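Only one structure is covered here, and it is reproduced in the block below.
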């Protein structure tokens, strides 16, 4: 086993458990409501990690698209929690610089920053902040639809800060 895969597997018990227990049946992939948007199915991502293709696995968008709905975990015949595995991969990717240029990680970071700052999320603020970080021209394309949604009261520009935000942070 190469140094990189040994470090990844030993750095997180959840990753280690999945790599050791997975029987590659594909139930997780068949259960995943987002697998059609992933570059690798959950089963394929586990296989990549198991085979030492860590760079490929960590640069993939699969773990970032996992919504941790746990449908895969409920159906897994060997009771693997794939959602925790995906979260562990994301943490490892962030810690080791794999996520720096991925739009998915920027969206996640923007989301977390807004929750930390306001205690809640505003979809409007999230979209604007994320678009400014990644592709400001996208905002211009969204302007007609945004104006319509604002007029109809579906979209709001207000963002209230949660009282006692320190309690939430704690």
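Is at least one residue of the stretch 78-85 surrounded by fewer than 17 Cβ atoms within 10 Å (Cβ to Cβ), out of contact with any helix residue (DSSP H, G or I) (no Cβ under 6 Å at 6 or more places or on another chain) and modelled with pLDDT of 90 or more? Before you say what the answer is, go through the steps one by one.
Quick first cut of the stretch 78-85, residues surrounded by fewer than 17 Cβ atoms within 10 Å (Cβ to Cβ) only: 78-79.
Among the residues that remain, those that are also out of contact with any helix residue (DSSP H, G or I) (no Cβ under 6 Å at 6 or more places or on another chain) are: 79.
Narrowing the set further to residues that are modelled with pLDDT of 90 or more leaves 79.
Yes, the stretch 78-85 has at least one match.
Pick from 134, 110: which is in contact with a helix residue (DSSP H, G or I) (Cβ under 7 Å, 6 or more places away or on another chain), crowded, with 18+ Cβ neighbours inside 10 Å and not assigned by TED's automatic domain parsing to the domain that holds residue 31? Walk me through it before giving the result.
Values: 134 fails: crowded, with 18+ Cβ neighbours inside 10 Å.
Sole residue among the options that is in contact with a helix residue (DSSP H, G or I) (Cβ under 7 Å, 6 or more places away or on another chain), crowded, with 18+ Cβ neighbours inside 10 Å and not assigned by TED's automatic domain parsing to the domain that holds residue 31: 110.
For the stretch 73-154, give me every one of the helices (runs of 4 or more DSSP H) that falls completely inside it and has 1 or more residues that are within 16 Å of the chain's Cα centre (by Cα). Walk me through how you get there before you give the answer.
Working: elements: 82-95, 103-118, 123-134, 137-151.
Passing ranges, in order: 82-95, 103-118, 123-134.
Suppose the filter is in contact with a helix residue (DSSP H, G or I) (Cβ under 7 Å, 6 or more places away or on another chain) and farther than 20 Å from residue 97 by Cβ; does residue 63 pass it?
Numbers: in contact with a helix residue (DSSP H, G or I) (Cβ under 7 Å, 6 or more places away or on another chain): yes; farther than 20 Å from residue 97 by Cβ: no.
So residue 63 does not fit the description; no.
Taking the condition modelled with pLDDT of 90 or more, farther than 30 Å from residue 40 by Cβ and surrounded by fewer than 17 Cβ atoms within 10 Å (Cβ to Cβ), does residue 163 pass? No; evaluated as a whole, the condition is false for this residue.
Going residue by residue through the stretch 20-36, is there one that turns out to be out of contact with any strand residue (DSSP E or B) (no Cβ under 9 Å at 6 or more places or on another chain), closer than 18 Å to residue 98 by Cα and surrounded by 14 or more Cβ atoms within 10 Å (Cβ to Cβ)? Within the stretch 20-36, not a single residue is out of contact with any strand residue (DSSP E or B) (no Cβ under 9 Å at 6 or more places or on another chain), closer than 18 Å to residue 98 by Cα and surrounded by 14 or more Cβ atoms within 10 Å (Cβ to Cβ).
The values are calculated or read from the model by the stated rules, or taken from the named source; none is laboratory data. What you are looking at is a predicted structure, and each value in this text was computed from that prediction instead of being measured. No Cβ is skipped: glycine too gets one built from the backbone with ideal geometry, and neighbour counts run over all protein chains shown.
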